[in-house]
Ligand SMILES: [Zn+2]
């Protein structure tokens with residue numbers, strides 16, 4: 001993983017983001033999810049940028065960018081897209097810890113990275129990975145929320 005730390009981001013904050021990215025990649029590259037990639041390779045494929053610029057977090061086929069503004073504000077809220085905000089697994093959640101709000105953002109962006117990078121070569125994503133927050137994305141994010149994030153939410 002190539003990690004780029006922008007100004008205003010501490011080493012501890014960077015390491016926290018790296019830890020959640022690794023947890024997400026370790027889960028989604030388990031053999032039974034049938035992605036065309038193993039954990040070491042996925043880790044190599046992803047460039048992580050951690051910044052503090054007040055913009056949104058984002059992702060593409062090359063990696064993810066996490067903006068720490070909500071963390072610095074002390075936000076303890078997972079705020080999801082209206083389309084699935086009410087879903088019990090992948091939806092919005094109030095009153096979570098600041099770290100878990102950040103972790104959910106990481107899982108969301110890692111899901112985008114997975115959909116764009118490996119969607120074309122993955123049997124169960126090939127027909128449904130293209131829409132940014134469509135079915136393919138939601139299927140990936142559902143795995144990460146259920147297995148990596150939600151067990152830590154109260
Ligand atoms: Zn998104």
Problem - Rg/Rh for region 10-88, where both radii come from Cα atoms and Rh is the Kirkwood radius - result: 1.00
Fill in the blank from the handout: Exposure-ranked with fewest Cβ neighbours within 10 Å first, 145, 26, 93, 123 stand as 123, 26, 93, 145
Problem - Where labels lie 7 Å past Cα in the beta-carbon direction, separation of residue 153 and residue 61 in nm - result: 3.1
Problem - Packing rank of 146-152, 126-132, 104-110, where each peptide gets the mean count of other beta carbons within 10 Å, highest leading - result: 104-110, 146-152, 126-132
Handout entry: Where labels lie 7 Å past Cα in the beta-carbon direction, separation of residue 142 and residue 53 in nm
Key = 3.4
Problem - Coordinate range along principal axes, alpha carbons of region 97-154, Å, largest first - result: 35, 15, 15
Fill in the blank from the handout: Expressed in angstrom and rounded, the centroid-to-centroid distance over alpha carbons for region 129-154 and region 83-117 is 7
Handout entry: Computed over region 2-149, the ratio Rg/Rh where both radii use C-alpha atoms and Rh is Kirkwood
Key = 0.94
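Bear in mind these aren't lab numbers, they're just calculated from the coordinates by the rules spelled out. No experiment lies behind these values; they were computed from the predicted model shown. Reconstructed Cβ throughout: ideal geometry from the backbone, glycine too, with neighbour counts over all protein chains shown.
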